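Q: I have a structure here, written as structure tokens, and I will follow up with some questions on it.
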Amino acid sequence: MQALSTKNLKNLVTEAIAKSQAYLLSLQDSSGYWWAELESNVTITAETVLLHKIWGSEQGRNLHKVETYLRAEQRNHGGWELFYGDGGDLSTSVEAYMALRLLGVVADDPALIRAKEFILARGGITKTRIFTKMHLALIGCYNWKGLPSIPPWVILLPDAFPFNIYEMSSWARGSTVPLLIVFDRKPVYNLNPQINLNELYSEGFANVKYQLPRNSDWTDIFVNLDDLFKIGESLNLVPFREEGIKASEKWILERQEATGDWGGIIPAMLNSMLGLKALDYDLADPVIVRGMAALDRFVIETADFYRVQPCVSPVWDTALVMRSLIDSGMSNDDPHLVKAGEWLIEKQILDYGDWAVKNKQGKPGAWAFEFDNRFYPDVDDTAVVVMALCQVQLPTENLEDLKWEAIARSVAWISTMQCKAGGWAAFDLDNDQDWLNLLPYADLKAMIDPNTADVTARVLEMIGYVRRSLDSSNQQSNQKRVKKVDKSITSWQILRALNYLQAEQEAEGCWFGRWGVNYIYGTSGVLAALAGIAADSHTPLIKNGATWLISCQNPDGGWGETCRSYNDPSLKGQGVSTASQTGWAVIGLLAAGEATGNFAWDQIDKGIEYLVSTQRSLGDWYEAEFTGTGFPCHFYLKYHLYQQHFSLTALGRYLKAKTNYDH
């Protein structure tokens, strides 16, 4: 790529910003929010097909379009992917195959023949994950004997007990409590069409051994315990069985939103519906009617395709788009931003949720990811919303008062969510019992929600924004508002968080990204945080982080990192260039430059040239790669707005920094 002159590049950036802003404004909903597709792998859609088949709720839903969608997503190797370009995933492929069979596709269809070859070459059904086997067991395609026992009395363990359901992550909890019912009842449903998947057992169906895998180490104690649980089940000696079932049912019903959602995520929603089906709820029951309607709202249907999102992200999308528009020069009192800010304020959650079980000090006032999710607000979303609201100027004093009161309440909540280790987690306090990931049930290794560098960095970045709002405020009323917020998180808390980030820095200078792929995401976030709150005291950390980002820039000027870096850390910072990851790297390098006074302009300019050259005519960017993370190594996401607003943020901050530097 031939380098452009500074003047020419700045002109091109100005044009790119204008096009990107126009494109994003065209996507804004009339209510004020932004919301784009959140894409994952095909298992979410496949499991939704299974649910509707079990409930007999296909009528009025164009499930035949799922077949077209699944056929389009099958790759040349015959399988289906966990993330773009991964070479295919066994469990994902088995569930896609199952869904196609349920939709009436015959086993000797050419697509299924290729899929069968792919599946058998990788060990077949026996080698799939626990949740795939569970879904197959529901329709008699796997035996419940090969699944772990989850005794219903688990839900009865008191909060003060060393282990209880609140030691599980919010997403594991919301998905597991309904499964206490399902795994106890072990239902097998007769469907139309009734299928078997005997052809997908590599060892031959007659030779299947329904047993849990052993590791030949101390963790086999959990398998031994499972054997005892199974003996108890066979002898009907499960203590507090019915009490546990009733408590689980009550827990499910209490956590259903008025809109019908459970936890704002499809796994919790599907499992809750399965749990209630196992209790013989009727399809016409209001709880089920609401649940089905909520599930339908996660569907994206086109003329040809019917697919299901794992979650919806309007609060997250809105706050990040707002920040990108303001960072790229839009007036902070623009009517589009005002409307978005007012919408965010309305979405603040003022109810106590599951977080309050372990956090006895906090008062509600956070934000969730979704439209409605009272029980599970999170720290990351809340911090981003605070920064977006700090940046926007609402039109009246009353609205500004309301805004700052909302901010004060949310920052106070975040302050009570700091974990013992000094960092912040996403949804819960001190949710860090890692032994839970060793249970046979926990093969996704996602049972806990410990503090992480990326969420901690977001909180520190937020504190920096609040402080800058105080420093730049001339009005006495604004100073009073911001001071109230700034007092919520103490200097001691900030020091603990900084010490945590210092301890988390990798030897190469980068940081792990729990919620975005991967080290580029984590490093960018930490650099932005340190630059805003600890530039002088943590200069070596900042320099090392910036040096690492420079070291992994691609020849085309961009940055990229494969999801495989979670499995293989030697792949840190390596991958095909994407707009979102290039945006993160540029944002991180600009922050490091602001902090140290030493800008890596050659590398930053090349990154900006990459973004300008890859922008499309409408002002948008496209990337096929998944750059969002659900569960590292097991579940990935593609946020369809990431390549838009992170690229715009990078361009806007670049133009401002370059202008200041040139002067």
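Q: What's the ranking of 126-133, 8-15 by average number of surrounding C-beta atoms within 10 Å, highest first?
A: Order by mean packing, descending: 126-133, 8-15.
Q: Whole-Hz Karplus ³J(HN,Hα) for the range 506-520, in order, using 6.51 cos²θ - 1.76 cosθ + 1.60 and θ = phi - 60°, x for Gly and Pro?
A: For the range 506-520, the Karplus curve yields 6, 4, 6, x, 9, 10, 5, x, 6, 10, x, 8, 10, 6, 5 Hz.
Q: For the chain, what percent of Cα pairs sit more than 40 Å apart?
A: Everything past 40 Å amounts to 30 percent.
Q: Hey, can you rank 432-442, 41-51, 404-414 by average C-beta count inside 10 Å, highest first? Let's see the in-between values first.
A: Numbers: 432-442: 16.4, 41-51: 24.7, 404-414: 21.9.
Listed from highest to lowest mean packing, they are 41-51, 404-414, 432-442.
Q: Any idea what the dipole of the chain comes to, in debye rounded to 20, about its Cα centre with Lys/Arg Cβ at +1 and Asp/Glu Cβ at -1?
A: 420
Q: Still on this structure: Suppose every Lys and Arg Cβ carries +1 and every Asp and Glu Cβ carries -1, with no other charges. What dipole size does the range 44-103 come out with about its Cα centre, to the nearest 20 debye?
A: Working: 6 positive and 8 negative charges, 55 e Å.
I would put it at about 260 debye.
Q: Also, I was wondering about something else. Return the subset of K209/K230; K53/K145; K10/K606 for which the Cα-Cα distance in this structure is over 21 Å, preserving the input order.
A: K53/K145
Q: In degrees, nearest 10, range 0 to 90: what is the angle between the Cα axis of helix 90-102 and the longest Cα principal axis of the chain?
A: The helix 90-102 is inclined about 60 degrees to the chain.
Q: How much length would be gained if the chain were fully extended between C633 and A503, taking 0.36 nm per residue of separation minus their Cα-Cα distance, in nm to one decimal?
A: Values: separation 130, 0.36 × 130 = 46.80 nm, distance 2.32 nm.
So the extension gain works out to 44.5 nm.
Q: Follow-up question, since we're still on this one. Taking only the alpha carbons of the range 312-417, what extent do you get along each of the three principal axes, in Å, biggest first?
A: Ordered largest first, the range 312-417 gives principal extents of 42, 30, 19 Å.
Q: Treat each spin label as a single point 7 Å out from the Cα along the C-beta direction, and report the L279 to T14 distance in nm.
A: 6.4
Q: Taking amide H atoms as placed 1.01 Å from N in the peptide plane, list the residues 5 or more away in sequence, or in a different chain, whose amide H sits under 5 Å from that of D89.
A: W80, E81, L82
Q: Oh, and also: Taking the Cα centroid of the range 486-523 and of the range 111-168, what is the distance between the two, rounded to the nearest whole Å?
A: The distance from the Cα centre of the range 486-523 to that of the range 111-168 comes to 34 Å.
Q: Would you mind calculating the gained length between E58 and L571 on full extension (0.36 nm times residue separation, minus the Cα-Cα distance), in nm to one decimal? Before the final figure, lay out each step's value.
A: Numbers: separation 513, 0.36 × 513 = 184.68 nm, distance 4.38 nm.
So the chain would gain 180.3 nm between E58 and L571.
Q: So how far, in whole Å, is the C-alpha centre of the range 333-397 from the one of the range 18-56?
A: Comparing the Cα centres of the range 333-397 and the range 18-56, I get a distance of 21 Å.
Q: Another question, then. Cross-link list K420/K445; K339/K360; K339/K658: which exceed 25 angstrom alpha carbon to alpha carbon?
A: Too far apart for the 25 Å limit: K339/K360; K339/K658.
Q: Next up: Convert 25 °C to kelvin, take the viscosity as 0.890 mPa s, use the Kirkwood radius over C-alpha pairs of the range 141-277 as Rh, and evaluate the Stokes-Einstein diffusion coefficient in µm²/s, rounded to a whole number. Show your work: numbers first, answer last.
A: On the way: Rh = 16.8 Å.
Once the numbers are plugged in, D ends up at 146 µm²/s.
Q: What does the charge count near P110 come to, summing +1 for each Lys or Arg and -1 for each Asp or Glu among other residues with Cβ under 13 Å from its Cβ?
A: Once all neighbours under 13 Å are counted, the net charge is 0.
Q: Using every alpha carbon pair in the range 586-663, what percent of pairs falls into each 5 Å bin from 0 up to the bin containing the largest distance?
A: P(r) for the range 586-663, in whole percents per bin: 3, 14, 22, 20, 16, 13, 9, 3, 1, 0.
Q: Read phi for every residue in the range 108-117 and hand back ³J(HN,Hα) as whole Hz from Karplus 6.51 cos²θ - 1.76 cosθ + 1.60, θ = phi - 60°, with x for Gly and Pro.
A: 9, 4, x, 5, 6, 5, 5, 5, 4, 4
Q: With unit charges on the beta carbon (Lys/Arg positive, Asp/Glu negative), name the residue among V223, P286, V49 whose Cα is farthest towards the positive pole of the charge dipole of the chain.
A: V223
Q: At a threshold of 8 angstrom on Cα-Cα distance, excluding pairs fewer than six apart, so keeping six or more, what relative contact order does the range 349-433 reach in percent?
A: Computed value for the range 349-433: 34 percent relative contact order.
Q: Enter the mean projected area of the convex hull around the alpha-carbon atoms of the range 1-106, in nm², rounded to one decimal.
A: 11.5
Q: Principal axis extents for the range 41-308, Cα atoms only, whole Å, descending order, please.
A: 53, 47, 33
Q: In what sequence, highest mean first, do 54-60, 378-384, 82-88 appear when ranked by Cβ atoms within 10 angstrom?
A: Taking the mean over residues of other Cβ atoms within 10 Å, the ranking is 378-384, 82-88, 54-60.
Q: Give me P(r) over the range 245-365, computed from all C-alpha to C-alpha distances, binned every 5 Å, as integer percentages.
A: For the range 245-365, the pair-distance distribution reads 2, 9, 14, 15, 16, 15, 13, 9, 4, 2, 1, 0.
Q: So how strong a dipole does the range 158-263 carry about its Cα centre when Lys and Arg Cβ are +1 and Asp and Glu Cβ are -1, to the nearest 20 debye? It would help to have the intermediate numbers written out before the result.
A: Working: 10 positive and 16 negative charges, 44 e Å.
My answer is approximately 220 debye.
Q: Hey, another quick one. Among residues other than Y306 whose Cβ falls under 15 Å from its Cβ, what is the net charge (Lys/Arg +1, Asp/Glu -1)?
A: -3
Q: Distance in nm between label sites at N207 and E37, each 7 Å beyond Cα in the beta-carbon direction?
A: 4.2
Q: Between 0 and 90 degrees, rounded to the nearest ten: what's the tilt of helix 6-27 against the longest Cα principal axis of the chain?
A: 50
Q: Note the full-extension length gain between R71 and T416 as 0.36 nm times their separation in residues minus their Cα-Cα distance, in nm to one decimal.
A: Values: separation 345, 0.36 × 345 = 124.20 nm, distance 4.81 nm.
Full extension of this stretch gives 119.4 nm more.
Q: I've got another one for you. Which FRET efficiency value, to the nearest 0.05, do you get for E301 and S491 by plugging their Cβ-Cβ distance into 1/(1 + (r/R0)^6) with R0 = 56 Å? Kindly include the intermediate steps, with their values, before the conclusion.
A: Values: r = 52 Å, r/R0 = 0.93.
According to the calculation, E is roughly 0.60.
Q: Could you work out how far the C-alpha centroid of the range 267-296 sits from that of the range 594-663, in angstrom?
A: Computed from Cα coordinates, the inter-centre distance equals 41 Å.
Each reported figure results from applying straightforward, stated rules to the coordinates on display, with no laboratory input. A quick note: this is a predicted structure, and the numbers were derived from the prediction, not measured. With ideal geometry, Cβ positions are generated from the backbone for all residues, glycine too; neighbour counts draw on all protein chains shown.
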